[in-house]
Each structure stands twice: as structure tokens, then as C-alpha cells.
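Read the figures in this text as sums done on the coordinates, not as results from a lab. Small disclaimer: the values here were computed from a predicted structure and weren't measured. Positions of Cβ are generated from backbone atoms using ideal geometry, with glycine treated the same way; all protein chains shown enter the neighbour counts.
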Amino acid sequence: MSILTDEIQRRRTFAIISHPDAGKTTLTEKLLLFGGAIHIAGAVKSNKIKKTATSDWMEIEKQRGISVATSVMGFNYGDYKINILDTPGHQDFAEDTYRTLTAVDSVIIVVDVAKGVEMQTRKLMEVCRMRNTPVIIFVNKLDREGRDPFDILDELESELKIAVRPLSWPINIGAKFKGVYNIYEKTLDLFTPSKQTVTERVEITDIDDARIDETVGESDAAKLRDDIELISGVYPDFDVEEYRKGKLAPVFFGSALNTFGVKELLDCFVEIAPCPRPTQAEERQVNPEDETFSGFVFKIHANMDPNHRSCIAFVKVCSGRFERNANYKHIRSGKMMRFAAPTAFMAQKKSIVDEAYPGDIVGIPDTGNFKIGDTLTEGEELHYKGLPSFSPEMFKYIENTDPMKSKQLEKGIQQLMDEGVAQLFINQFNGRKLIGTVGQLQFEVIQYRLLHEYGAQVRWEPISLYKACWIESDDNEALAAFKKRKQQYMAVDREGRDVFLADSGYVLTMAQQDFPKIKFHFTSEF
Ligand code: G4P
């Protein structure tokens, strides 16, 4: 096997997603502990944005600043090289998370056993479904009182719209929680309710083994056998191919805080999760094994220190071998570039790397050359398809309050939009600039950064809108008629595409009914 194939096959690049507080940070930390990337619990707090800080975004940015190092956490586990891509916990940064999901090959979803499927998880799952990303579900906090596991399975299936298959099964829950039966490996793991201890494992031959009765008691053993029988009756056998197609999600139960069920999850994960997969470019599908390097920028992280106005562009390597100081083509500008100080992220540390392989993320210091979605290659004209922008749901007009600085403002807005902080629309009726975001915080971020990085002062003018959606039609006349009728509500995005600004859900529904020849799109790629 070539070195390239070997490196590809041992890589597992994934993200952990959850609703805030379900246990993503804790699980990440425990995985890093197993990988030897950190040595004490409590080391991965930096990317957790505290709920209390919602109005204090400077604090959030500080935390985000620190979090550059934890944006990607690479470590070795056995023969595997694992890259965990962190996603911001705060929902106002959901766009960041969506984009990060373009760079992963699979996902682990953490669900709180008491709360079940929550809003944020549902939204993120939609993105996974769009891309057929394989998901594994970890039901967390079994040491606390929670819902019946069968209920949780039903909810996962109906709310996340994916078939599920439990690969482990809890014995009781909360105060009576005794452990899990590992269906995948046919072992019994007993619960030791003290942090940072490794699970005690009881070797058994099968579910009828008398040692189960001896360790958990007869009635719990009987209940476990009933449950397992029910499971094998109701759920089809686990099929790894179905999982890799994104059609079936294996489910594990455990307690991240107690490091319980985590190793089992990790061991199964490295075995079944896909290695880097082909990536679709506009021109062709690119295989990781292709000899020539290619990659794309999925995230740009600005340095909040006004004295060092630089960014880090995060490049996902899609094919070939990335090398330091090699000449690569930046497709959008057509320029050749060399990167003298690319960084890799290993064990929470950033360090300069000489090479990287498909599945790896390389951080490239940038001073405004990169835009989200940009492709780098050895020369071939390839354009990777980024994740589409989603219809924003919050809008404000942006107003210049210092006419002497309009040039700076223009540059600032363009660069922030390139970084993907928010979306810019021009209202076609009044020519005004409209900024659309998914969260309130972005407005504060934009205002602050325009002032501190570009010296431009702006104020916001509220506008009440429900949603912006991209429209198109095969019928030019119908399109023209729509645009005429809705002229006060028409805008264009940065690519000049038509966008309809619906001021209420009702108006949008009516528009869809009244103009059947018009297609309304809620993501920017269609
Ligand atoms: P998040 O990144 O998804 O937002 O969640 P995080 O890991 O920070 O976990 C949220 C809270 O849930 C934390 O408590 C954490 O200790 C707790 N937790 C995580 N896993 C488990 C578990 O298996 N069992 C129990 N009982 N609790 C769990 P906190 O009080 O908010 O934070 P901290 O003060 O402990 O850091």
C-alpha cells in the first residue's frame, strides 16, 4: 500500500455536535484523555461559551480567540490519526458549525438522556442529512435520572429522521444505573461512579451468562434480557454500510463525565467510521488518493487582537499530500502562493508542519487573501462546493456614521463577509445595504470589528423581516412579474442573485401559492 493510501486509511476526521449542555465538551475531553492528548480532565474548557455571556460578546470572542488552538484537535489513538473539529457551542455561531460540517467525514451527536433531542441538534442533523454524513449517537448522562431508553430511541428516529440501532444498552438509569451491556462486543461494563476511572469490564460469553445475574442482580438481568430480545426483534442487525451511507445511526449509552461508555464508543468509532471520502468539486469528484494536492478553506478565524490583524484560514486537505513551501494555486485569484508557516493542530498545540494528508486540517496565516470556500490546488482548475449559506433570519440596515470613512467601511464589510461572519444583501428598492445573520451577536461583532479593525463607524437600523430566500424561475416573464409585484422586497446577494425578503411567514406562504412558477430556495446553493 502506498504511504498516501496508508495515511488516508488511518485518518478519522469528525465533529461532535450537540445542543448546548448535553456534554460535548466533556466527551471531547474524555476522548482526548484516551488519546493521551491531555492528561487531566478540565483541560478543554476554552471553547465553551458560557450562557451567561450572551450579551457580553467581547468575552465570547476572547474565549473564541483562545479556542483557535482547540478548533481542531488531532491525536493518535492506536494506529489511527484522529482529528476532532470543534464547533462553537453558542447557537449564534451556528453558521460556523454548518461550515465545519463540510470538512468532516462523520459526526458524533451527543444527546442528554433527560432532555432527548433538542432544537440545535435537530438543525445540525439537517445539515448532516443534506450531505449524507454518517452519524453515531451517544446518549449521555445515564448517571442522572432520565427518560426510558426505548423512548429516547423512538425520539431519535422521529426527530432526527434517521434509522437507529442501539449498540449498547443501559442497565437502569440514574441512581440505580449499573452499567451497560455492549451489544456490539457482547461484554458487560459495570458502572463505577467516580470520575476519571476506567470502566470495570466483566467478561461474559453471551446474554444468558449467569455472571450477569451475579453482578447486577436477577431482576435487572432478566429485564436486560427482555430488552435485548426486544431490540433484536425490532431493530435490524447493524449494517456498517448503511451507517456509512448516512442511513443508519448506531446508538451508545454512557456518561461522559464518568468516562463511562466513552472508550467503547471510541473503539467502535475508529473501526466503523469512514476515512476521508471523495469530495465533490464542480468539475469532478476528487478522490483523496489522487496524487496531487487539493483542499478548500472552510473557516477563517480572525485574530481579535487589533495589533495583529491577521487571520487563520483553515484548509481541509482533500487529496494528495500538502507540503510546506510548495507552490499552490489559489483558484479564485489565479495566484500561486507558498506557505512558509502552515500549522497543524496536535494535542491541542499549534505547531508548524511540513506535510499533511487528506482528512487533516492545516491552518494558514492569512492577511485577507482567503474567502470561505476557496480552493487550493497544484494547478488544476477545481472549485470545491462549499456549504451553502442558509437563509438568515435576522436583518438590519447598516448605516455609515462617518462619511469620511466610507472606503474603509466598504473594505471592512467585504472582508467580514468573505470570512463568513454574516451575509450582505442590497435592497433593490432603496439601494441600502442589509446585513443578515443567524444570531443577534453577529451585529455586535461586526460593529466592533469595523470600528477596531477598519476605523469605520456604523449604526444599525432595525428592519422587521421574517426570512430572505433566493428565487429563480425557468419562466422569465413570471420572474419579472414577481419582481415587479414585490419590488419593495427584492434584494440581491453578493453574487448578484435575486433574493426575496419576506416580512412574515404568511407573506412567504402566500407568495409561494400565488407564484407557482417561482422557486423559493432557503439555501444559497440550488
Ligand atoms: P456542552 O459542551 O455540550 O455544552 O456540555 P458540557 O460538556 O460542558 O456539559 C454540560 C454540563 O453537563 C456540565 O456541568 C458537565 O459536567 C455535565 N455533564 C456532562 N456529562 C455528564 C454526565 O455524564 N453526567 C452528569 N451527571 N453530568 C454530565 P456544569 O455543571 O454545567 O459544568 P461544570 O461546572 O461541571 O464544568
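For the pair residue 355 and residue 463, label points projected 7 Å from Cα toward Cβ lie 5.2 nm apart.
For the chain, the longest principal axis of the Cα atoms and the long axis of helix 149-160 meet at an angle of about 20 degrees. When the listed pairs 24/161; 24/407; 335/484; 335/411 are checked against a 31 Å cut-off, the alpha-carbon distance exceeds it for 24/407; 335/484. Sorting the Cα pairs of segment 253-292 by distance into bins of 5 Å, from 0 upward, gives 6, 19, 16, 13, 10, 10, 10, 10, 7, 1 percent per bin. 3J(HN,Hα) couplings calculated from phi for segment 479-490 with the Karplus curve 6.51 cos²θ - 1.76 cosθ + 1.60 (θ = phi - 60°) are, in sequence order, 5, 4, 5, 4, 5, 5, 5, 9, 4, 5, 10, 9 Hz; Gly and Pro show x. Counting 0.36 nm for each residue step from residue 148 to residue 230 and taking away their Cα separation leaves a gain of 28.1 nm. Taking amide H atoms as placed 1.01 Å from N in the peptide plane, the amide H of residue 249 lies under 5 Å from those of 163, 164, 165, each 5 or more residues away in sequence or on another chain. Mean sequence separation of contacting Cα pairs (under 8 Å, at least six apart), scaled by the length of the chain, corresponds to a relative contact order of 13 percent. For segment 1-34 versus segment 126-148, the inter-centroid distance based on Cα atoms is 15 Å. Whole-Hz Karplus values for segment 352-361 come out as 5, 10, 9, 8, 8, 10, x, x, 7, 10 Hz, taken residue by residue from phi with 6.51 cos²θ - 1.76 cosθ + 1.60 and θ = phi - 60°; glycine and proline positions read x.
The residues packed around residue 400, meaning those with a beta-carbon under 14 Å from its beta-carbon, carry a net charge of +3 if Lys and Arg are +1 and Asp and Glu are -1. In this simple spin-label model, placing a label point 7 Å from the Cα along the Cα-to-Cβ direction at both residue 240 and residue 130 gives a separation of 3.0 nm. For residue 16, the residues 5 or more places off, or on other chains, whose built amide H falls under 5 Å of its own are 85, 87, 108. Can you compute the FRET efficiency between residue 497 and residue 5 using 1/(1 + (r/R0)^6), with r the Cβ-Cβ distance and R0 = 41 Å? Round to the nearest 0.05. Efficiency for this residue pair is about 0.50.
In the chain the Cα-Cα distances spread across 10 Å bins starting at 0 as 4, 17, 26, 25, 17, 8, 3, 0, 0 percent of all pairs.
If R0 is taken as 30 Å, the Cβ-Cβ distance between residue 430 and residue 332 corresponds to a FRET efficiency of 0.45. Using just its DSSP H runs of length 4 or more, each adding -39500 (n - 2.57), the chain gives a mean residue ellipticity at 222 nm of -8500 deg cm²/dmol after division by all residues.
Taking the fewest neighbouring Cβ atoms within 10 Å as the starting point, the ordered list for 113, 438, 234 is 234, 438, 113. Restricting the calculation to alpha carbons of segment 279-377 gives Rg and Dmax of 13.1, 42 angstrom. Counting only other residues whose beta carbon sits under 15 Å from that of residue 358, what net charge do I get with K and R as +1, D and E as -1? Summing Lys/Arg as +1 and Asp/Glu as -1 gives -3. Ranked by how many other Cβ atoms sit within 10 Å of their own Cβ, fewest first, the residues 404, 73, 337, 417 fall in the order 404, 337, 417, 73.
Proximity of backbone amide H atoms, modeled 1.01 Å from N, is registered between residue 72 and 86 at under 5 Å, excluding neighbours fewer than 5 places apart on the same chain. The shape of segment 367-526 comes out oblate: with a ≥ b ≥ c from the C-alpha gyration tensor, a/c is at least 1.5 while a/b does not beat b/c.
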